[in-house]
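Worksheet: the structure to be examined is printed underneath.
What follows is calculated from the coordinates using simple rules that are stated; it is not laboratory data. Computed from a predicted model, the values in this text were never measured in an experiment. All Cβ positions, glycine included, derive from the backbone under ideal geometry; neighbour counts span all protein chains shown.
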Ligand SMILES: Nc1ncnc2c1ncn2[C@@H]1O[C@H](COP(=O)(O)OP(=O)(O)O)[C@@H](O)[C@H]1O
Ligand SMILES: [Mg+2]
């Protein structure tokens, strides 16, 4: 500004000096005129300089405002002829760079958050002192935490209330080793479940922020499958060992020589009985495993319930007569056709009738019947119920939910004695499921049991039913 003022006064001062030098008289009016001209020039040049400064200050303000909003600054081209202009240009370039970097960091953060959100595993990131840096939604669910509260800075050990997990967390973070540690832990709190947890250190350039990443994988289901499988193997070995040792024992005795022909016949009878039992067991196992692995493709047809019931009754009539049980079929009325595989539904009926006859004492009755019935609401699809009811010994209520498990029997010894394998109802359940149907077992001790299988109606019957209900 001082330079601008000086520049304004310089020309009139110069004129005065020239006049003085050429020895002309410099009157007061000349001096006053020179001062006025100087003041006008100084005001004019100060105004010009101020205008340039203001526009530069405005440009810098705009850059700062854009940076505050994390937005790219407007490209107002600075005059780069002087140092100030060049500084402005550098500021503009630096601001562009910062905004680009902020944008790409925000993008990375969004990606990272999206990945964390979509993970089914629970993820917890903690600082070096075990303070929570972040946790995703599955982690909140696993530790029964609020879905939207901020836990940043809280002690992770405090949040996972399970003692075994707390021990794992403090052990793995205390080690300070830069390696991944993992373990399988049976959690008790907040709910019993098995988790596989791994913890890895975060590579960091400076102190503070994330130090450890914990990833929790819920393996409860996997553990259940493992238990089911090992139970199955244990049961199977047991089922096979009993007849095998009988076969082995009696065959060995016969080989050593038995003089009494009656004893010989009895032993041979036992061997045959046990061999048949083994063969039944193998047949049932193959049947079940084929069904489970989808190796028994169903051949769907439109079937009459009455013919399925009659075929099964015909095959079981002799067994019922031998056991002194009255077997009858009760199927009348206009039933819709069922959509099913004849052989597989035949297998279902044989299993149900076999059970009913086996577990009904002499003099009892077994009735196989069919009736039209819709499935449970809200679907209410039209279908047919195949019902087998007996006046037998019944099943304790506590056992009913487990009857379709493989090898589950109410009385193991009695089922074996009657030639059962413990797989019949498991096979029935699978076949019914493959038909899209349902199975219901109701029973009263010493009064009898009713097993109901619901099978969907054939398309034509279903259409007719909807047509009727629509009118
Ligand atoms: N109608 C029934 N009356 C009484 N108990 C039954 C009846 N049906 C099934 N059960 C019980 O359910 C168990 C499982 O049946 P299932 O899987 O067919 O095996 P299995 O007939 O080879 O014993 C039987 O051992 C028996 O205890
Ligand atoms: Mg059975």
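Size check on the range 223-292: the Cα extents along the three principal axes, sorted descending, read 55, 21, 13 Å. Overall shape: prolate for the range 77-122, with the ratio a/c of the largest to smallest alpha carbon gyration tensor axis at 1.5 or above and a/b above b/c. The spacing between the range 117-164 and the range 302-378, judged by their C-alpha centroids, is 56 Å. Taking the Cα atoms only, what angle lies between the long axis of helix 28-68 and the longest principal axis of the chain, rounded to 10 degrees? Rounded to the nearest ten degrees, it is 10.
Against the chain, whose longest principal axis is taken from its Cα atoms, helix 220-256 shows a tilt of about 30°. Extension gain for residue 158 to residue 260 (0.36 nm times residue separation, less C-alpha to C-alpha distance): 28.9 nm. The DSSP beta bridges internal to the chain are antiparallel in roughly 90% of cases. Let a ≥ b ≥ c be the square roots of the eigenvalues of the Cα gyration tensor of the range 119-218; is it rounded (a/c under 1.5), or, if not, prolate (a/b larger than b/c) or oblate? It is oblate, given that a/c is not under 1.5 and a/b is not larger than b/c. Relative to the dominant Cα principal axis of the chain, helix 261-292 is inclined by about 30°. Of the peptides 132-145, 110-123, the order by per-residue mean of other Cβ atoms within 10 Å, starting with the highest, comes out as 132-145, 110-123.
Remark on the chain: Rg and Dmax equal 46.0, 170 Å (Cα only). Take every DSSP beta bridge with both residues inside the range 119-218 and express the antiparallel ones as a percent of the total, to the nearest 5. Antiparallel: roughly 100 percent of the beta bridges in the range 119-218. Our estimate of slack between residue 20 and residue 272, defined as 0.36 nm per intervening residue step minus the Cα-Cα distance, is 75.8 nm. Residue exposure proxy: 160, 331, ordered by other Cβ atoms within 10 angstrom of their Cβ from fewest to most, comes out as 331, 160. Spatial offset of the range 233-261 relative to the range 41-98 amounts to 102 Å, using the alpha carbon center of each.
For the range 261-331, the square roots a ≥ b ≥ c of the C-alpha gyration tensor eigenvalues yield an a/c of 1.5 or more together with a/b not exceeding b/c, which makes the shape oblate.
Work out the P(r) tail for the range 29-92: percent of alpha carbon pairs separated by more than 18 Å, whole number. Tail of the P(r) past 18 Å holds 52 percent of the pairs.
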